[in-house]
Amino acid sequence: MTLVWAQLGYLAAAVCFIVALKGLSSPKTARRGNLIGAAGAVLACVIVFLVSDIQHLLPILAAVAVGTAIGVLGAYRVQMTQMPQLVALFNGVGGGAAAIVAFIELIELSAGTAGVFDLIATAFTILVGSVSFAGSVVTFLKLQELMTTRPVVFAGYPILYGLGLLAALGFTVGLVLMPSLIFAVLLAAVGAGLGVLLVLPVGGADVPIVISLLNAFTGLTVAASGYLLGNILLLVAGTLVGSAGTLLTRLMANAMGRSLINILFGALKGGSTLGATTVSDRPVKSAGPADVAILLAYAQRVIIVPGYGLAVAQAQHTLRQLVDLLQERGAQVDYAIHPVAGRMPGHMNVLLAEAQVPYEQLKEMDEIDPEFKQADVALVIGANDVVNPAAETTPGAPIYGMPILHANQARQVVFMKRSMRPGFAGIENELLYQPSTTLLFGDAKDTMSKLLAELKALTV
Amino acid sequence: MNTDPIIWLTIFVLAIFVGVEVISKVSSTLHTPLMSGANAIHGVILIGAILVAGTAQSTPILVLGLIAVILASINMVGGFVVTDRMLVMFSRPKRALQKSERRELEP
C-alpha cells in the first residue's frame, strides 16, 4: 500500500485539478486556474518519484526532459492561428501514451492472474487510446490543410464502421478470455482505424468539436489506466477530463446550433456535396480601397465581422488602427464575434486579444446581431461561413442550422476576401452576390494598410 | 491489486458529477482555453508512464515505457504552457501589453 502522505499528496493534486477546471471557466480566474492545475501535475510527478520504487531513473528523467523540451518549444513556437492543431496533437500523444501504458501493463498482467475488471480496463485503454491518437492525427491534417477539409465519405462507410465496432467488441472479449498480446495489437489497430473513420466525415469547420470529443476520450482512457495501475489520482483526473470534456463538447456544438450526431455523421446522409467547390462566374460588385474608404468615412455605425482569414494574414493590428481612426472620426465601431469564428469556439477572442483589441469592443453574437439593421457598413474580413445565409435557407448545406450573423441586413456590406474561393466549410455564399455587397479583393493585411492610408488621407 | 472495484466505481461516478458541475457555467469565450487546459490535465498519464517504465524488467519494455514518458510529458507540459499563452492575452495589464508588442515588432 502506498504511504499515507503520498495518498494525501495525490488527493491534493486531484483537488488542484478540480480548482483548475473551475478557474478556467471564468475569465478572471482562468490563468490562475491553469497554473494551479500545472502545480497539481508537478506535485503528482514529484510524489511518484519519491514513493514508488522507480528503477532506470536516469533514462526516465532524460525522457521527461525530452518531452518537456518538445512540449515547451511547440507551445511557444506555434502561431496563435495554428493553436487548435497543436491542442489536437497534444491530445493525440496523451492518448498514445495511455495506450502504451496499458499495453505494458498487459504484458505484466498476462504473467500472473489478472482480474476481469483489470482486463476490461486494459482493453478499453488500448482501444480508446488508439482512437484518440489516430483521430487526433487526422484532425491535425485537416486543420493544417494537409488533406481536404471537406467531409470524406465513401460507399460502404457505414458497413466498414459497423465491422470495426464489431471487431473491437470481439477483440475485447478475446483479450478478457485470453490475455495475449495478439489481441492487444489487434485492438490498437482497430482503434486506430475507428479513429480515422470517426474524423473523416467531419467537415473542416466542425473539426474542433471533434478535438474536444477526443479530448474527453483520452480523459476516460487515463481514468481506466488509473484503475489498472491502482492509482486513484489518474482515475480522478481522467474522469474529470472525461466528463467535463463531454459537456464542453456539447456546449460547443450548441454554440453552433448543431447536434453532435449531426456533426459526426451528418455527411453520411449525403447532403454535403451541395454547393461543392464550383466557383461560379456570377457577377459581383468589386471596388478598390479608395472607394471603401469613402464608404467608411461617411458611416456612423460600423460593425466588423472578423474571421480566420484576418488572423492568417496577421492583419489584426492594422485593423485595430483602422478602428481607432474610425472612432476618432466619431463612428461607433464594434466587433461581432461569432461563437465559432476562427477555427474553434472562442478562438477569435484569443486572436483579437493578441492584437490588444479592448475587450469591451468584442460583442458576442446574441448582443450584436439585432444591431446589423442599424449599421451603415458591415465590414466582413476574412470570414465567410459565419455570415453565409445558406445556414438558414439551404437545408442540406453542411452548415445548415448554424446560427449566423445577419451582416446581410446592414445598409452596405463590404467583403474583404483573398479570392472567390468558398469558405472552410466549402459552400458558396449568396451574400457575395447581394446588391448591397461590395467586394474588396486582396491579402487582408495589404488591403487593410491601403484602406487605412486612404482613410487617413480623407481625415486630414 | 485493487481490493474492491466498488470503491473505484464510486470514485469514478462521483468524479463524473464533479467534472460536469465545475464547468457548467463556462462562457463561450473560454471554450478554447478550457479545452486546452483539460487536455493538459490528462497529461498526468505521465505518472502512469513513469510507473511502468520504472518497473520495466526488459529492455524492449523499458523502451516502450520511455516512449510513453516522452509522449505524456509533451502532453502535460506543452498543454499547460500553451493554455497559459492563450490566457495571458486575456488578462495582460496595459504596460506589459506595450512591451510585448514592441518585442513582436522587432524581429
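The values are calculated or read from the model by the stated rules, or taken from the named source; none is laboratory data. What you see is a predicted model, and the numbers here were worked out from it, not measured in a lab. Neighbour counts are summed over all protein chains in view; Cβ atoms, including those assigned to glycine, are modelled from backbone coordinates with ideal geometry.
Restricted to helices (runs of 4 or more DSSP H) entirely inside the range A:190-270, no element has at least 1 residues that are modelled with pLDDT of 90 or more and over 30 Å from A:A13 (Cβ atoms). Taken over the range A:217-246, residues that are facing chain B (nearest Cβ under 7 Å), surrounded by fewer than 24 Cβ atoms within 10 Å (Cβ to Cβ) and closer than 22 Å to A:S136 by Cβ amount to 0.
Residues of the range A:285-316 that are surrounded by fewer than 20 Cβ atoms within 10 Å (Cβ to Cβ) and aliphatic (A, V, I, L, M): A:A287, A:A290, A:I294, A:L295, A:A297, A:V312. Which condition number does A:D334 fail, the rest of (1) assigned to a strand (DSSP E or B); (2) in contact (Cβ under 8 Å) with a residue 40 or more places away in the chain being met? It is condition (2) that A:D334 fails.
Scan the range A:45-97 residue by residue and report those that are of a type in the set (S, T, N, Q) and closer than 30 Å to A:A341 by Cα. Of everything in the range A:45-97, those that are of a type in the set (S, T, N, Q) and closer than 30 Å to A:A341 by Cα turn out to be A:Q79, A:T81, A:Q82, A:Q85, A:N91. Here the range A:53-83 is the region considered, the condition is being touching a residue at least 40 places away in the same chain (Cβ under 8 Å) and within 8 Å of another protein chain (Cβ to nearest Cβ), and the residue that is surrounded by the fewest Cβ atoms within 10 Å (Cβ to Cβ) is A:M80. Cβ-Cβ distances below 8 Å connect the following pairs, each with a first residue in the range A:343-366 that is within 9 Å of another protein chain (Cβ to nearest Cβ) and without any contact (Cβ under 8 Å) to a residue 40 or more places away in the chain, a second residue that is of a type in the set (G, A, S) and surrounded by fewer than 24 Cβ atoms within 10 Å (Cβ to Cβ), and a separation of six or more residues or different chains: A:G346/B:S28; A:Y359/A:A353; A:E364/B:S28. The residues of the range A:4-26 that are facing another protein chain (nearest Cβ under 7 Å) and in a helix (DSSP H, G or I), listed by number, are A:F17, A:I18, A:A20, A:L21, A:K22, A:L24. Comparison of A:A88, A:A99, A:A114 shows that the only residue that is part of a loop (DSSP other than H, G, I, E, B), touching a residue at least 40 places away in the same chain (Cβ under 8 Å), within 14 Å of chain B (Cβ to nearest Cβ) and crowded, with 18+ Cβ neighbours inside 10 Å is A:A114.
Every test in (1) among the acidic types (D, E); (2) in a loop (DSSP other than H, G, I, E, B); (3) at pLDDT 85 or above is passed by A:D369 save one, and that test is (2). For the range A:29-52, the set of residues classified as outside any helix (DSSP H, G or I) and within 8 Å of chain B (Cβ to nearest Cβ) consists of A:S52 only. Output the residues belonging to the range A:151-174 that are touching a residue at least 40 places away in the same chain (Cβ under 8 Å), in a helix (DSSP H, G or I) and either of a type in the set (G, A, S) or closer than 17 Å to A:L198 by Cα (or both). Within the range A:151-174, A:Y157, A:P158, A:A168 qualify.
Within the range A:175-187, being part of a helix (DSSP H, G or I) and buried (at least 17 other Cβ atoms within 10 Å of the Cβ) holds for A:L175, A:V176, A:F183, A:A184, A:L186, A:L187.
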